[in-house]
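> Below is a structure I'd like to ask you about.
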Amino acid sequence: MRLPHKAHLAIVDGTTFTLMRNDGSPDSPSLTAVDKPEVEGSNFSAGVRHQDDIGQRHGRTDLNELAHATAVAEYLNGAVLQGKIDKLAVVADPKSLGEMRRHYHKSLEAVLVAEEAKTMTGEPVARIEKVLLSD
């Protein structure tokens with residue numbers, strides 16, 4: 001994943017959301033933490049699609065995690081619409097990324113430069129920068 005200079009990077013999983021910015025170049029990323037927004041999952045619309053008892057009993061579907069992903073997408077939509085983000089990359093676990101995509105605003109889709117279905121929350125910045133260079 002090539003992250004342009006001054007592009008934002010959202011790192012998301014079912015409970016965590018960190019927003020960073022690349023102050024370096026695509027060939028030499030230098031990530032700086034911008035914010036760690038506290039978002040509250042209140043949109044449980046994913047529950048309509050995930051009502052099977054077996055999936056819930058085996059822990060394959062956590063509605064709170066899906067609601068968190070929705071809240072992150074809504075936060076990012078707002079930041080893009082307010083002009084706070086003009087280039088964005090998203091790294092999220094596959095389930096969260098799938099749910100976030102369902103809630104992307106057209107304006108967010110327009111500034112999206114990359115997506116990666118990978119769990120990177122809790123990783124040190126140096127490791128995240130290395131992943132940015134690996135693709």
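> Which whole-Hz couplings ³J(HN,Hα) result when phi for each residue of region 119-133 is put into the Karplus expression 6.51 cos²θ - 1.76 cosθ + 1.60, θ = phi - 60°, listed in order with x for Gly and Pro?
8, 10, 5, x, 7, x, 4, 4, 5, 5, 4, 5, 5, 4, 8
> Can you return the aspartates and glutamates within cross-link range of K106? Criterion is Cα-Cα under 18 Å, with same-chain partners fewer than 8 residues away left out.
Straight-distance partners of K106: E74, D86, E115.
Readers should treat all values here as calculations from the given coordinates under stated rules, not as data from a laboratory. Here the structure is a predicted model, which is why all the values come from computation and not from measurement.
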